[in-house]
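Colleague: Let me give you the structure first, and then I'll get to my questions.
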Amino acid sequence: MSRNNPPRLVVSLLSITLFAIWSVTACAGDVDTVTPAPANPPLTTTVTPAATDQPWLHQTLSLINSSLTRFGPYRTGNAYLEYEYYGTNGPFNLYGYVDALKILGAGSQNTSGVWDHGAPIFSEQEPRVALDTLAGKNFQLGPFKHIYLAADWIYNQGGSRSSEQNTLYAGLGTDIDTHTPLALSANLYLNREWQNYGNANEFSWDGYRFQMNYFYPLGHYLGGDFSYAGFFNYDFGSKLREETGGNTFSDTEFDSTNALVYSYKHLRLVAVARYFHNGGQWNSSMLNFGNGFFQNRSTGWGYYLEAGYQWGKI
């Protein structure tokens, strides 16, 4: 089978999607109906569908400082500007952000951004569409509420092929009712690579991603709200290691983000600890890019501090 043709799981997911639409429409009378579930984006407070005379989209403009992040074989960090949005409107559940990298000219020696001929823009968009809501129904099967057509699009505008990424994850998602203040959602994606930093799996279908998002309110303090939010991504089923040869890359990757969020009127403060395992699918303990061997740092903890101005649906 050609690597550029969708794997069998694509056909399976499309079949599941069509069956889900038929099931929701035909069998909604036989399942429990529930109110629409709140969205639970990775690093933000939970939101509910807004009234027509109220804003439904939350927006934040933040300055973020990252340190020891491990999206590749180096530990990196920089200060960058981020615009973030999220919200739910009818069947549409939206989340995304756009980063202007190294905006203050500050960062580790292995990073580049807006002012030093690096990638000026990094972005991620995660739209979901509730198929049952589109059909005019509310679907629940056990703890699972709604059936979403879900996507996760990552784009890094690099200055060359080796610094560009254009990756799409597409699949199905659901919300999980825990009967507690804990909000959960899950997505299972297929991975389609276009540009991928010049790696061997470019322009192909390559593996899968399982994603969980979670949010828990911690209370009201000092006039504002504290909450815990986060997500994890588990990438598996890739063939990058086999296509590259050797032990430089892994076929799996995992990262977990854990954030404490404080929200007070238009002020938003966030502290994040993020764990990386085989960040960027880099695997070997020692690497050599032509200037001698160095230790691979793709596994370990990275940290973020954020201060932002928020508006819209707060």
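Colleague: May I ask you to list the residues in the range 234-247 that are buried (at least 19 other Cβ atoms within 10 Å of the Cβ) and either polar (S, T, N, Q) or farther than 30 Å from Tyr216 by Cα (or both)?
Modeller: Of everything in the range 234-247, those that are buried (at least 19 other Cβ atoms within 10 Å of the Cβ) and either polar (S, T, N, Q) or farther than 30 Å from Tyr216 by Cα (or both) turn out to be Ser238, Leu240.
Colleague: Only residues that are within 21 Å of Leu184 (Cα to Cα) and small (Gly, Ala, Ser): list them for the range 129-161, please.
Modeller: Passing the criteria: Ala130, Gly142, Ala150, Ala151.
Colleague: Looking only at the range 59-82, count how many residues are assigned to a strand (DSSP E or B) and over 25 Å from Ala130 (Cα atoms).
Modeller: Result for the range 59-82: 14.
Colleague: Across the range 60-80, which residue is surrounded by the fewest Cβ atoms within 10 Å (Cβ to Cβ) among those that are closer than 28 Å to Gly312 by Cα and among the aliphatic types (A, V, I, L, M)?
Modeller: Leu61
Colleague: Then there's this: Based on this model, can you work out whether Asn258 counts as in contact (Cβ under 8 Å) with a residue 24 or more places away in the chain and more than 28 Å from Ser204 (Cβ to Cβ)?
Modeller: Yes.
Colleague: Let me ask another. So which residues in the range 241-250 are assigned to a loop (DSSP other than H, G, I, E, B) and more than 18 Å from Tyr275 (Cα to Cα)?
Modeller: Gly245, Gly246, Asn247, Thr248
Colleague: Here is a list: Ala229, Ala200. Which entry is part of a strand (DSSP E or B), touching a residue at least 12 places away in the same chain (Cβ under 8 Å) and among the aliphatic types (A, V, I, L, M)?
Modeller: Exactly one residue qualifies, and that residue is Ala229.
Colleague: Of everything in the range 189-199, what is buried (at least 17 other Cβ atoms within 10 Å of the Cβ) and not aromatic (Phe, Trp, Tyr)? Give them in sequence order.
Modeller: Leu190, Asn191, Arg192, Glu193, Gln195, Asn196, Asn199
Colleague: Among the candidates Gly237, Gly219, single out the residue that is more than 22 Å from Thr69 (Cβ to Cβ) and either over 22 Å from the mean Cα position of the chain (by Cα) or modelled with pLDDT under 95 (or both).
Modeller: Gly219
The values are calculated or read from the model by the stated rules, or taken from the named source; none is laboratory data. The model shown is predicted, which means the values in this text are computed figures rather than measured ones. Note that we place each Cβ from the backbone using ideal geometry, even for glycine, and neighbour counts take in every protein chain shown.
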